[in-house]
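Single-structure report; data block below.
What follows draws every value from the coordinates through simple rules; no lab data is involved. Computed from a predicted structure; not experimentally measured. Don't worry about glycine lacking a Cβ; one is built from the backbone with ideal geometry, like all the others, and counts go over all protein chains shown.
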Amino acid sequence: MKTGLKKREKILVFIAVVVGLISLTSTYVISPMYSLYGEKQAEYDRLTHEQFQLETKFANEAVYRQSNDDARSGFDKITRRYPQIMPNDEIDNLLTGLCLRNDLKPTSLRLSDAAAYTVQGEPDTEEGLVPAFSTVSADMTLQGSYDSLISLIGAVARYDYIRITGVRYTQPRILREIIDIPDIAVSFEVTMMNPVE
């Protein structure tokens, strides 16, 4: 007696083996390859986008270079107009020398603490921002003539970083052959650039 499989059973076993092979192939070959294909396609798209950006940058290199040169030129122009932060004794020497060159004798000088300002001129309140400028106020009492005061005002107008914010001139009095020396008070503001990192 023959104990082999019948034809129908052989067909069912064959179909089961084929379905199993297809399932295994799908699970362990086709699905990982499809995932890998998706990853490679995403990487290809990313690299294509980066290539497009680089080609655009290279095409616009002259424009970027010119913009950079313009920005450097503007920065150099500003740094030439404003001095770096100076200590109080240098500010004292600067203002005293300016007054003496215009025939005014300083009798007192009071300097304020430096106030830091951003580029827009507002006080710097946000942490992390480096203020572009610092300003020191100086109040000076002087002795000299009215013409010397006018000369001082003209001299200060030639400086970008020094300005006069207030002037008080008291006319001299003559009493019994004593001539009172005129009293002059001038308020200056000195603007300096903070160090750039």
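The table that follows gives values for the structure above.
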{"read-out": "Burial order of peptide ranges 35-46, 158-169, 139-150 (average beta-carbon count within 10 Å, highest first)", "value": "139-150, 158-169, 35-46"}
{"read-out": "Kirkwood hydrodynamic radius over Cα pairs of the range 1-101, then Stokes diffusion coefficient at 10 °C and 1.306 mPa s, in µm²/s", "value": "70"}
{"read-out": "Enclosed volume per residue, in Å³, of the convex hull spanned by Cα atoms of the range 7-59", "value": "51"}
